[in-house]
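The values are calculated or read from the model by the stated rules, or taken from the named source; none is laboratory data. The shown structure was predicted, so the numbers you read here are calculated from the model rather than taken from an experiment. In this analysis, Cβ positions are derived from the backbone assuming ideal geometry, glycine residues included, and neighbour counts consider all displayed protein chains. Remember, those area values only see protein heavy atoms, side chains included, never the ligands or the DNA or RNA. Shrake-Rupley method; radii C 1.70, N 1.55, O 1.52, S 1.80 Å.
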Amino acid sequence: MGDFDVSVILDNLPFLLQGLQLSLVLTALAMTGGIVLGTLLALARLSELKPLAVAAGLYIDFFRSLPLILVIFWFYFLVPLVLGRPVGGFYSVLIAFTLFEAAYYAEIIRAGITSVGRGQVAAARALGMTYTQTMHHIVLPQAFRAMVPVLLTQGIILFQDTSLVYVVGLKDFLTSAELIATRDQRLVEMFLFAAALYLVLCFSASQGVRLLQRRLAK
Amino acid sequence: MIVFDRVSKWYGAFQALNQCSTHVDRGEVVVVCGPSGSGKSTLIKCVNGLEPYQAGSLTVDGIEVGGRKTDRPRLRARIGMVFQNFELFPHLTALTNICIAQEQVLKRPPDEARHKALTLLERVGLIDHANKHPSQLSGGQQQRVAIARALAMDPMAMLFDEPTSALDPEMITEVLDVMVALAKEGMTMMVVTHEMGFARKVADRVIFMDDGRIIEDSQTDAFFGKPRSERAELFLSKILSH
Amino acid sequence: MTYNWNWSILINDPYLGWLVDGLLWTLAVSLAAWVIAFTLGSVLGILRTTPSPTLRTMAATYVEVFRNIPLLVHFFLWYFVFPELLPDAAGMWVKREMPLPAFTTAVVALGLYTASRVCEQVRAGIEAVGSGQRNAGRAMGFTEQQVYRYVLLPVAFRIIVPPMTSEFLTIFKNSSLALTIGVIELTAVTRRIEEYTFQGFEAFTAATVIYSLITFTVMGLMRLIERRSRVPGMISLGSG
């Protein structure tokens, strides 16, 4: 421990930042896709059409019962097979994350929608609004306002979860750090640095969310 | 204008409405009262189809509310409703609460909707509060905005579902005043309320419900003179005793 | 899509045996880690609600540090970094002589990490009981410990049954991360079968079915227990 070597971090900084970029891009894309798909799933889950509600419920419960690593393996294996040609691991993983996260986002969004009282829906209906108008103008704006902090917190969790692409060797931030760690035999430095960077990023982000939550509550 | 003909409704095995028949004519003010759980809120919510009924017929301006082909959003746009808990939209200002359905449902141009909203806010005495959010208004003020919101649609009839029962006592009058003025202008109104003073003053008829049935349906004077049923007598003695 | 189906692979030797062993390791890691997570998490959760600011800050710091670093990094820290930070002799022992090094590390990493999540659930449970109850207990002359023992905890632990169930299921799913440091648990086994036989579809299906079945069974059981242990008029946190 006496010979903690900072230079191994500094020398490889560009490589590490490239990895971090991949982690962030994957997070942003999967979060966007997850929220869009999650909203549709939540609406389907709350639909008065029984088969639609049941199908959405099954999707949500099914994905929530699986480890993310298994889902990553599934799509890493399936996507090239279905397409009939090799695609970059990034796309397989992106699909896996989007479909997986959608199940979690759907539950958050569903909770947000149900937190808007039935009276609000009745009032909108009494004014002659259709289902779509009620959702668009009355329910979703209120629901999303209540959900924003939770959605962002889930985004922080998603960012941490992207480290699991390590299992298929995609060069995200953590995998990059691990590659250097084993190549240069600098495990202590690299892993402590990785931990510190995640801690700083995620802690700052969660403090930001807390601040936002307090402002929204006003 | 509103005609109930043996309307029945069940929640599972529980019968909420039992063969209810009555009517509200154009320009008439009808008060519905009765103990809690008697079905009066359910009855009024059937009128604009917020609650479906399973048997009987209910028409508004000749249109069967529960009809398979009835365009319920369109029908509802022509009937105003005021709720017990106001149900203003908390993410919108008082003004936009009044504008949103005018624009989205009636497709009125924003200027026209805004003008209409301001006129109505003036009328309910809240013009200075146009840009406040519901949480910044008192209960009585919120309910007056809610009435303005319903009136903005130029409804042919107004439904009131216990409009004053969630209010603190000192705010009840300001809401009732608005309603009395409305009644005197000739608005067709169906009002679920325990405010017997209001009923005496402006109602043409009073309906008394119990157990999902309409027990009494009489002219206001007759109702307060001598209710025929024992249950109505008992109910009145309880709510008028102090 | 061309693919040669061969479902019989799953009941063939040695793959069936692998699957069984994998499932047993998954369960072993999950249960052992749960013991740590539940015990430590409960203590931390109680500390977060005590009147002492020092204890509250300590527990809060633990939670922030653990939940803001990805679980996989925790695995690497305990497996690769921790032995290096120990005095030489102890580090040597961990690296060379500690029995089942991968398993033990996985249990410790997963347990300590999940403790931070359990802590937040326990805290939420205690806070849900409310300060009125706390004051009522104090007014009766209970000491602070007695207030927790007789008033707050009995109610708090009952209302957090549903979120605790989902925390256990989370640990069960997260135990798959143990494969990154060499524990051949269920997910690792199916990956290995895929690599040996190229029958990925069958292998992953097997794991998927096993995980789902166990999750749904646990959820069903908990709903049953919850219904049995319900105290009239008491609500639970985030059921379902």
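Assorted remarks:
- Just so you know, in the stretch C:164-208 the residues that are free of Cβ contacts under 8 Å to residues at least 12 places away in the same chain and facing another protein chain (nearest Cβ under 7 Å) include one that is farthest from C:Ser8 (Cα to Cα), and it is C:Thr208.
- In the stretch C:1-13, the qualifying residues are those that are open to solvent by 50 Å² or more (accessible area, probe 1.4 Å), outside any helix (DSSP H, G or I) and out of contact with any Asp or Glu (no Cβ under 9 Å at 6 or more places or on another chain), and the one that is modelled with the lowest pLDDT is C:Met1.
- Counting the residues of the stretch A:44-66 that are away from chain C (no Cβ under 14 Å) and either closer than 29 Å to A:Leu164 by Cβ or open to solvent by less than 10 Å² (accessible area, probe 1.4 Å) (or both) gives 3.
- Within the stretch A:161-183, restricting attention to residues that are at the interface with another protein chain (Cβ under 10 Å from one of its Cβ atoms) and small (Gly, Ala, Ser), the residue that is surrounded by the most Cβ atoms within 10 Å (Cβ to Cβ) is A:Ala177.
- Residue that is nearest to the chain's Cα centre (by Cα) [pool: residues in the stretch A:77-102 that are buried (at least 22 other Cβ atoms within 10 Å of the Cβ) and of a type outside the set (Ser, Thr, Tyr)]: A:Glu101
- Flag if B:Glu112 is within 11 Å of chain A (Cβ to nearest Cβ) and acidic (Asp, Glu): no
- Unique residue being within 14 Å of chain A (Cβ to nearest Cβ), farther than 20 Å from A:Leu127 by Cα and either part of a loop (DSSP other than H, G, I, E, B) or at pLDDT below 95 (or both) when the list is B:Ala166, B:Ala183: B:Ala166
Here is a yes/no grid of residues against (1) out of contact with any Pro (no Cβ under 9 Å at 6 or more places or on another chain); (2) open to solvent by 50 Å² or more (accessible area, probe 1.4 Å); (3) closer than 30 Å to B:Ile100 by Cβ:
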position	(1), (2), (3)
B:Arg149	yes, no, yes
B:Pro163	yes, no, yes
B:Pro169	yes, yes, no
B:Asp177	yes, yes, yes
B:Met196	yes, no, no
B:Asp217	yes, yes, no
B:Phe224	yes, no, no
B:Glu233	no, yes, no
B:Leu240	yes, yes, no
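- With respect to (1) open to solvent by 10 Å² or more (accessible area, probe 1.4 Å); (2) closer than 30 Å to B:Met153 by Cα; (3) aliphatic (A, V, I, L, M), the lone exception for A:Ile157 is condition (2).
- Restricting the stretch C:140-153 to residues that are in a helix (DSSP H, G or I) and free of Cβ contacts under 8 Å to residues at least 12 places away in the same chain, the residue that is farthest from A:Phe73 (Cα to Cα) is C:Gln146.
- Of all residue pairs spaced 6 or more apart or on separate chains, those with beta-carbon atoms under 9 Å, a first member in the stretch A:116-135 that is facing another protein chain (nearest Cβ under 8 Å) and among the basic types (Lys, Arg) and a second member that is open to solvent by 10 Å² or more (accessible area, probe 1.4 Å) and part of a helix (DSSP H, G or I) are A:Arg125/A:Tyr131; A:Arg125/B:Arg72; A:Arg125/B:Pro73; A:Arg125/B:Arg76.
- Counting only strands (runs of 3 or more DSSP E) wholly contained in the stretch B:186-242, no element carries 2 or more residues that are over 18 Å from B:Glu28 (Cβ atoms) and of a type outside the set (A, V, I, L, M, F, W, C).
- Filtered residue count, the stretch B:81-118, keeping only those that are in a loop (DSSP other than H, G, I, E, B), farther than 27 Å from B:Cys46 by Cα and among the hydrophobic types (A, V, I, L, M, F, W, C): 1
- Sole residue being part of a helix (DSSP H, G or I) and closer than 22 Å to C:Asn68 by Cβ, chosen from C:Ala156, C:Ala124: C:Ala124
To keep it simple, each residue is scored yes or no on (1) touching a Cys at 6+ places or on another chain (Cβ under 8 Å); (2) away from chain A (no Cβ under 13 Å); (3) surrounded by 15 or more Cβ atoms within 10 Å (Cβ to Cβ).
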position: B:Glu28; (1), (2), (3): no, yes, yes
position: B:Glu51; (1), (2), (3): no, no, yes
position: B:Glu64; (1), (2), (3): no, yes, no
position: B:Lys69; (1), (2), (3): no, yes, no
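- Residue in the stretch C:75-92 that is in contact with a Phe, Trp or Tyr (Cβ under 7 Å, 6 or more places away or on another chain), within 10 Å of chain A (Cβ to nearest Cβ), closer than 15 Å to C:Gly111 by Cβ and open to solvent by less than 40 Å² (accessible area, probe 1.4 Å) present: yes
- Among the residues examined, C:Met98 does not qualify as open to solvent by 60 Å² or more (accessible area, probe 1.4 Å), of a type in the set (A, V, I, L, M) and modelled with pLDDT under 95.
- Qualifying position, being within 14 Å of chain C (Cβ to nearest Cβ), more than 24 Å from the chain's Cα centre (by Cα) and more than 20 Å from C:Ser212 (Cβ to Cβ), among A:Asp5, A:Asp11: A:Asp5
- Checked against (1) part of a strand (DSSP E or B); (2) crowded, with 19+ Cβ neighbours inside 10 Å; (3) touching a Cys at 6+ places or on another chain (Cβ under 9 Å), B:Ser8 passes all but condition (2).
- Residue within the stretch A:152-160 that is within 9 Å of chain C (Cβ to nearest Cβ), touching a Cys at 6+ places or on another chain (Cβ under 7 Å) and under 11 Å from C:Val73 (Cβ atoms) present: yes
- Annotation note: of C:Val108, C:Val65, C:Val20, C:Val35, the sole residue that is buried (at least 18 other Cβ atoms within 10 Å of the Cβ) and among the aliphatic types (A, V, I, L, M) is C:Val108.
- Selection within the stretch B:110-131 - surrounded by fewer than 16 Cβ atoms within 10 Å (Cβ to Cβ), farther than 20 Å from B:Ala77 by Cα and among the charged types (D, E, K, R): B:Glu122, B:Asp128
- The residue that is most open to solvent (accessible area, probe 1.4 Å), among those in the stretch B:76-98 that are more than 8 Å from every other protein chain (Cβ to nearest Cβ) and out of contact with any Pro (no Cβ under 9 Å at 6 or more places or on another chain), is B:Thr96.
- Evaluating A:Ala28 against the criteria (1) free of Cβ contacts under 8 Å to residues at least 12 places away in the same chain; (2) within 17 Å of A:Ala106 (Cβ to Cβ); (3) surrounded by 13 or more Cβ atoms within 10 Å (Cβ to Cβ) leaves one unmet condition, (2).
- Tabulated pairs, the stretch C:96-115, first at negative phi, second open to solvent by 40 Å² or more (accessible area, probe 1.4 Å), C-beta under 6 angstrom, 6+ apart or interchain: C:Ala102/C:Gly182; C:Thr105/C:Trp78; C:Thr105/C:Tyr79; C:Val108/C:Trp78; C:Ala109/C:Trp78; C:Gly111/C:Ile36; C:Ala115/C:Leu40
- Only a single criterion out of (1) at pLDDT below 95; (2) farther than 26 Å from A:His136 by Cα; (3) within 16 Å of the chain's Cα centre (by Cα) is not satisfied by B:Thr173, namely (3).
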